[in-house]
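These notes are about the structure you will find just below.
The values are calculated or read from the model by the stated rules, or taken from the named source; none is laboratory data. No experiment lies behind these values; they were computed from the predicted model shown. Cβ atoms come from the backbone with ideal geometry, glycine included; neighbour counts cover every protein chain shown. These accessible areas exclude ligands, DNA and RNA; they are computed on the full protein's heavy atoms, side chains included. Shrake-Rupley method; radii C 1.70, N 1.55, O 1.52, S 1.80 Å.
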Amino acid sequence: QVRIVESGGGLVQPGGSLRLSCVASGNIFSIYHMGWYRQAAGKQRELVAIISSGGSTNVADSVKGRFTISRDNAKNTVYLQMNSLRPEDTAVYYCYAEVDDSRYWGRGTQVTVSS
């Protein structure tokens with residue numbers, strides 16, 4: 001059994017910053033890619049950023065230069081540093097981890113950017 005838990009969401013003003021964290025725990029042999037997706041109300045889930053076990057990253061154009069993904073392999077944790085937040089970044093942010101041969105998802109954390 002693998003558990004994925006996100007934290008760090010909340011309400012922030014435009015231009016502000018938040019840092020999301022995601023921890024994978026349980027029966028884990030190896031974690032390959034970890035990443036973040038988001039889903040705004042009434043829209044499809046979209047990729048935000050992913051990071052390989054070796055540290056290679058892929059970041060969506062919409063957040064490039066503002067969001068940074070990183071991970072701590074020793075802690076099975078991935079982070080998403082979000083700067084210069086905009087109202088259009090408002091969404092539920094979901095973390096995933098590719099553990100062994102399966103992909104596991106967290107339940108999501110709400111990020112709201114509003115004045």
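DSSP beta bridges fully contained in the chain are about 95 percent antiparallel. Only protein atoms count toward the accessible area here, which uses a 1.4 Å probe; on the chain, the carbon and sulfur part of that area reaches 44 percent. Taking only the C-alpha atoms of the chain, Rg followed by Dmax gives 13.5, 44 Å. Short-range pairs are left out: with C-alpha atoms under 8 Å and at least six residues apart, the relative contact order of region 10-115 is 38 percent.
In a reduced charge model with +1 at each Lys and Arg Cβ and -1 at each Asp and Glu Cβ, the chain shows a dipole moment near 200 debye about its Cα centre. Accessible surface area normalised per residue over region 48-101 is 46 Å², counting heavy atoms of protein chains with a 1.4 Å rolling probe. In order along region 20-27, the phi-based Karplus estimate (6.51 cos²θ - 1.76 cosθ + 1.60, θ = phi - 60°) of 3J(HN,Hα) comes to 8, 10, 8, 10, 9, 9, x, 7 Hz; Gly and Pro are listed as x.
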